[in-house]
Structure formats: structure tokens, C-alpha cells
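The values are calculated or read from the model by the stated rules, or taken from the named source; none is laboratory data. Small disclaimer: the values here were computed from a predicted structure and weren't measured. We place every Cβ from the backbone using ideal geometry, glycine too, and count neighbours over all the protein chains shown. When the accessible area is computed, the model is the full protein with side chains, heavy atoms only, and any ligands, DNA or RNA have been set aside. Shrake-Rupley method; radii C 1.70, N 1.55, O 1.52, S 1.80 Å.
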Amino acid sequence: MPLHETAPKLTPEQYERNFADIKPAMSVRQAAIEAARCLYCFDAPCTIACPTHIDVPAFIKKIPTGNLLGSARVILSANILGESCGRVCPTEVLCEGACVMHEKGETPIEIGRLQRYAVDYVRDRKIVLFLRGSPNGKRVACIGAGPASLACAAELAKWGYDVTIFDSNKLPGGLNTYGIAAYKTRSTDSLREVEMIRDLGVQFRQQVQVGRDISFSDLEKQFDVIFIGVGLGETRELKVPGEDLRGVYGAMEFIEKTKVQDFSEVETGRRVACIGAGNTAVDVVTAARRLGAETVYLIYRRSERDVPAFAYEVELAKKDEVVFLWQTQPVRVLGQNGLVTGLECVRTRPGSPEGKGRRDAQPVPGTEFTLEVDMVVGAVGQKPVTEFLRAVSGLEINSNGTVQINERNQTGNAKYFAGGDCTNGGKEVVDAVAEGMAAARGLDAWLGSPRGATKNPTA
Ligand SMILES: Cc1cc2nc3c(=O)[nH]c(=O)nc-3n(C[C@H](O)[C@H](O)[C@H](O)COP(=O)(O)OP(=O)(O)OC[C@H]3O[C@@H](n4cnc5c(N)ncnc54)[C@H](O)[C@@H]3O)c2cc1C
Ligand code: SF4
């Protein structure tokens with residue numbers, strides 16, 4: 001059954017233009033000029049600000065001399081997913097946000113794009129920088145094939161561990177493949193990066209849901225250690241009447257379609273309302289506009305200054321001419337013949353302070369109004385998927401659904417380590433990478449560092 005009214009179809013060229021990289025690849029000349037601007041700071045603040053602590057001045061310094069292989073080695077040794085991080089990192093609040101150029105009133109060095117330039121050079125030419133270490137006799141299972149598990153697995157494979165990743169999705173890569181906005185990275189980029197991990201000897205078992213298709217006791221028998229990198233799950237419900245109407249989506253469900261289907265096949269309303277104001281909500285509204293929706297509303301119950309999304313993400317939505325409705329919340333989804341036709345909303349005002357002093361939003365009686373829309377998307381956070389881990393004895397789940405870990409990413413059951421969104425509650429790809437690598441170091445130390453000889457083809 002179609003939506004009440006759908007967005008007009010665009011030409012394939014228009015879709016590609018609309019979803020073109022917002023941080024496009026640099027030319028040789030652009031990269032050389034940008035790299036030459038770097039001051040190669042001692043104790044560089046960009047390196048400190050990067051959760052994987054890539055030696056940014058070291059990799060940038062190699063670019064003007066054409067040593068791109070050396071540059072990529074610096075990046076990938078610290079962060080094996082440097083390819084995707086160069087595309088998707090919120091650099092404005094990480095490395096580039098810390099750049100000393102800000103103090104001089106100048107534009108910060110484009111670290112993310114330079115990183116992409118160096119890594120793409122080796123990936124485009126299929127240059128192998130790392131090989132699997134010789135076998136050390138230890139086996140590790142990773143649950144989930146997202147950035148946390150990929151980083152953990154790659155690190156371990158280099159040290160000679162035999163690693164198998166179990167993932168419930170059809171394709172590996174986690175949200176790099178299924179979630180991050182298509183104008184930052186495509187699923188094909190993510191899958192290319194996964195191939196690099198596979199080339200290290202890591203095995204992938206897709207469409208296997210741990211806890212359902214394979215038991216913990218089977219995993220424990222077959223593997224010395226188990227790493228948990230299951231991320232977060234589906235979008236939370238809006239909990240308003242009419243949520244079951246055709247045309248109401250969860251943000252993850254809608255965004256996933258933009259990643260794995262042709263843009264022309266993604267069903268989008270002519271008028272769309274998205275509820276929430278986090279980075280995911282921005283991804284929803286910008287995708288809807290770029291798919292051709294004529295009017296897109298972003299509805300948030302607090303004021304603009306309370307918005308959880310990064311400021312530059314909100315700016316992106318403003319450029320896409322999204323209509324912001326601050327201090328507004330949904331009351332019910334309206335429909336005809338089972339299809340969404342509207343959204344009743346009410347204005348809000350700040351209520352009494354909540355526990356930590358933040359004021360809740362209170363509906364203002366009599367301010368109800370109706371938006372005519374064909375599609376409603378909820379972007380009010382993701383649910384945890386850690387409930388199934390309660391079957392693991394000793395492993396503790398916190399009240400917010402995250403997995404409890406110690407300083408070396410080990411859970412209450414010594415055989416299980418964890419990292420990424422399922423432990424930090426939802427951060428960025430680079431944080432998941434840092435935590436996956438920390439868990440690899442933690443479990444390696446716990447096993448007494450049984451390293452195989454590390455091979456390095458280009459040393
Ligand atoms: C819409 C959206 C946009 C984002 N945009 C950005 C961005 O622009 N930049 C950025 O840096 N970060 C972004 N993020 C955050 C980033 O995607 C995550 O922080 C990162 O992917 C977390 O990695 P992870 O490995 O912990 O989990 P995930 O990437 O979620 O991977 C977890 C994997 O585990 C699998 N799994 C779950 N349960 C099981 C089970 N029982 N058995 C087997 N497999 C299982 C899942 O299928 C999934 O493949 C975004 C997130 C969202 C939701
Ligand atoms: S990984 Fe991300 S935060 Fe770190 S230097 Fe690269 S772009 Fe910046």
C-alpha cells in the first residue's frame with residue numbers, strides 16, 4: 001500500500017547530486033596545499049582530541065612529499081577504520097575542533113579529508129599494509145560486525161589470533177553499512193573496508209544472531225574469549241495514538257532504506273514530519289529533503305538551544321530548508337483508510353527542573369494544531385539490545401541497558417569483553433574503534449599476550 005502522497009521521483013542524476021559527498025575527495029593539488037598549511041604542532045591538540053590518537057602531524061607531513069603509503073600506515077596503525085573515519089568523523093568537534101588555527105582566526109586544517117586522501121590512495125590501489133600474524137593458537141569470537149568488532153578483530157588478527165565475527169545482518173559493517181548518512185559514506189565504502197579486515201584472515205558469519213542461532217555455551221566451548229560489539233537496536237516508539245498507521249517509521253528503518261536501496265526506490269512522503277532533534281533526526285530530515293520531499297518538519301519539544309545534535313548538523317538541515325518546530329510535541333498521528341494524513345501537535349513550555357536541573361517540556365493546553373503530512377518518522381533514540389546477554393553468568397547490564405565493563409573493557413564474566421555503542425550508550429564510529437582496540441589489548445593482556453610473529457609486507 002503506498003503512502004497517502006509520495007515525493008515526486010527525481011532523475012538518477014539528481015539523486016546522485018543530492019547525495020554527493022559533503023566532504024568530497026581532494027585532488028593531489030588540494031591535498032598538497034592543505035597539508036602545507038599544517039604547523040606540525042608538538043603535543044598536537046588534534047592528536048589528543050582524536051579518540052584513537054592518530055599522530056595527525058606525522059601523517060600530514062608525509063603528504064606533500066608524496067609518501068602516501070607511509071601516511072596511510074600512520075593512520076591505519078592507530079585506527080584500522082581510518083578509511084570510514086576520514087569520511088564520517090564529526091571532525092568539527094574532534095581533531096579539527098582542537099586545531100590551533102582556530103586561535104589564529106584561521107580555518108582549521110581539513111584533517112578528515114586529508115586522512116581520506118591518504119587512505120584512499122592505498123585502498124584504491126589495493127596496497128596491503130598489514131598481514132595476519134602467525135597463529136598463536138587462541139580463538140576469539142566477536143558478536144556484531146560493526147566498527148567496534150571490526151577494530152577488535154583486526155588488531156587481534158595482526159597478533160595471530162583466529163577471529164570469527166558473528167553478525168545478525170545480511171551485510172557486515174554495522175551502522176557504517178546500514179546507518180550513516182549516504183552523503184557521508186555509502187555502504188559500498190563500508191564493505192570495501194570490511195574486505196581489508198577479511199584479508200587479515202578474520203572470518204565472517206553473517207545472518208547469525210547470537211543467543212538465538214548459536215548459544216553462549218557453544219561459543220564458550222569453541223572460543224577462548226568473546227568480544228561483545230552489538231551496538232544499539234531499533235528506534236524507540238513515539239508512544240502516541242496512531243503510531244500503527246501506514247507511513248509511520250522508525251528513524252533506523254527509514255535511514256537503512258537510503259543505504260541499501262536505490263534512492264528512487266525509497267518510499268518518501270511528499271510532506272514528512274520527524275520527531276526528535278539528535279544527529280539521527282538530522283539524518284532523517286536531510287535524507288527526506290534530498291529524496292524529493294517538498295516539506296519536511298523537524299519537531300522538538302525543547303528550544304533550539306537545547307538541541308542535542310551537533311551545531312553543524314543543524315546548519316546542514318537549515319541549508320536543506322527543513323522547517324524547525326521548536327517547543328512542539330506530537331499528540332497523535334492522524335489517518336484515513338489506514339494511511340497517515342496528518343500529525344496533531346501541541347506547543348510546549350519549560351516545566352519544573354528535572355533531577356539534574358534540566359527543565360522538562362510541558363504541553364500548553366489549547367495550543368494544539370495539525371500538520372498535513374504523509375509520513376511521520378520517530379527519531380527519539382535507539383533501544384538497547386543487550387537483554388539477551390543476561391544469559392551470561394556474571395555479566396552485568398546497567399539500568400540504561402549498557403554492558404558494564406572495567407578499565408580493560410572486560411565484563412563481570414572474565415571470558416567476555418565489550419565495547420562500542422553497547423557500552424558507551426551511543427557515540428561515534430571513532431569511539432567504537434578506540435574501544436574495540438582497547439578491548440583487543442585488554443583481552444590479549446588477560447591471556448598473557450600470546451603473540452604470533454607479526455608480518456608487515458611494506459616495512
Ligand atoms: C543514524 C545514525 C547516524 C550516525 N552517523 C554517524 C556519523 O556521521 N559519524 C559517526 O562517527 N558516527 C555516526 N553514528 C554512530 C555510529 O554509527 C556508531 O557509534 C557505531 O556504528 C557504533 O559501532 P558498534 O560496532 O558499537 O555498533 P554497530 O555499528 O551498531 O554494529 C553492531 C552490529 O551488531 C549486530 N548485532 C546486534 N545484536 C547481535 C546478535 N545478538 N548477534 C549477532 N549480531 C548482532 C548488529 O546487527 C550490527 O551489525 C551514527 C549512528 C546512527 C544511528
Ligand atoms: S580518526 Fe577522526 S577524529 Fe581522529 S584524526 Fe581522523 S578524522 Fe580526526
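Every listed requirement among (1) under 27 Å from G231 (Cβ atoms); (2) more than 23 Å from the chain's Cα centre (by Cα) is met by G137 save one, (1). Search segment 316-326 for residues being of a type in the set (D, E, K, R) and part of a helix (DSSP H, G or I), and hand back the single one that is least open to solvent (accessible area, probe 1.4 Å). Checking each candidate, the answer is K318. Taking residues in segment 359-371 that are on the phi > 0 side of the Ramachandran plot, and partners anywhere that are open to solvent by less than 40 Å² (accessible area, probe 1.4 Å), the pairs with Cβ atoms closer than 9 Å and at least 6 places apart or on different chains are G366/V346. Each residue in segment 372-403 was checked for being in contact (Cβ under 8 Å) with a residue 12 or more places away in the chain and away from ligand 1 (no atom under 16 Å from the Cβ), and 8 of them qualify. Consider only pairs whose beta carbons are under 8 Å apart and that are at least six residues apart or on different chains; among these, list those whose first residue lies in segment 338-349 and is of a type in the set (G, A, S) and whose second residue is open to solvent by 30 Å² or more (accessible area, probe 1.4 Å) and not in a strand (DSSP E or B). Listed pairs, sorted by first residue: G338/M1; G338/L245.
Quick check on G442: is it surrounded by 17 or more Cβ atoms within 10 Å (Cβ to Cβ), outside any loop (DSSP other than H, G, I, E, B) and near ligand 1 (Cβ under 9 Å from one of its atoms)? For G442, the condition - surrounded by 17 or more Cβ atoms within 10 Å (Cβ to Cβ), outside any loop (DSSP other than H, G, I, E, B) and near ligand 1 (Cβ under 9 Å from one of its atoms) - is not met.
The set of residues in segment 276-315 being surrounded by fewer than 24 Cβ atoms within 10 Å (Cβ to Cβ), among the hydrophobic types (A, V, I, L, M, F, W, C) and part of a helix (DSSP H, G or I) consists of A311, V314.
Among what's in segment 386-396 and is hydrophobic (A, V, I, L, M, F, W, C) and in contact with a Ser or Thr (Cβ under 9 Å, 6 or more places away or on another chain), pick the residue that is most open to solvent (accessible area, probe 1.4 Å). Ranking the qualifying residues of segment 386-396, first place goes to A391. Restricted to segment 70-90, and to residues that are near ligand 2 (Cβ under 10 Å from one of its atoms) and open to solvent by 10 Å² or more (accessible area, probe 1.4 Å), which residue is nearest to L150 (Cα to Cα)? Step by step, filter segment 70-90, then rank; the result is A78.
Counting only helices (runs of 4 or more DSSP H) wholly contained in segment 9-94, the ones carrying 2 or more residues that are closer than 28 Å to F130 by Cα occupy 28-37, 45-49, 56-61, 68-78, 82-88. Go through segment 397-412 and give me each residue that's surrounded by 15 or more Cβ atoms within 10 Å (Cβ to Cβ) and not hydroxyl-bearing (S, T, Y). Result: I397, G401, V403, I405, N409, Q410, G412. Taking the criterion of being within 16 Å of ligand 2 (Cβ to nearest atom) and surrounded by fewer than 24 Cβ atoms within 10 Å (Cβ to Cβ), the residues of segment 413-436 that qualify are N424, K427, E428, D431.
One residue is enough: does segment 100-107 have a residue meeting the conditions assigned to a loop (DSSP other than H, G, I, E, B), touching a Cys at 6+ places or on another chain (Cβ under 7 Å) and surrounded by fewer than 22 Cβ atoms within 10 Å (Cβ to Cβ)? Taking every residue of segment 100-107 in turn, none turns out to be assigned to a loop (DSSP other than H, G, I, E, B), touching a Cys at 6+ places or on another chain (Cβ under 7 Å) and surrounded by fewer than 22 Cβ atoms within 10 Å (Cβ to Cβ). Being open to solvent by 40 Å² or more (accessible area, probe 1.4 Å) and within 16 Å of ligand 1 (Cβ to nearest atom) is the filter here, so list the residues in segment 21-52 that pass it. Scanning segment 21-52 gives D21, I22, K23, P24.
Can you pull out the residues in segment 56-65 that are within 28 Å of R186 (Cβ to Cβ), more than 7 Å from ligand 2 (Cβ to nearest atom) and either out of contact with any Leu (no Cβ under 8 Å at 6 or more places or on another chain) or hydrophobic (A, V, I, L, M, F, W, C) (or both)? Show your work before the answer.
So the first thing to find is which residues in segment 56-65 are within 28 Å of R186 (Cβ to Cβ), and the list is 56, 59-60, 62-63.
Then drop every residue that is not more than 7 Å from ligand 2 (Cβ to nearest atom), which leaves 59-60, 62-63.
Selection gives F59, I60, I63.
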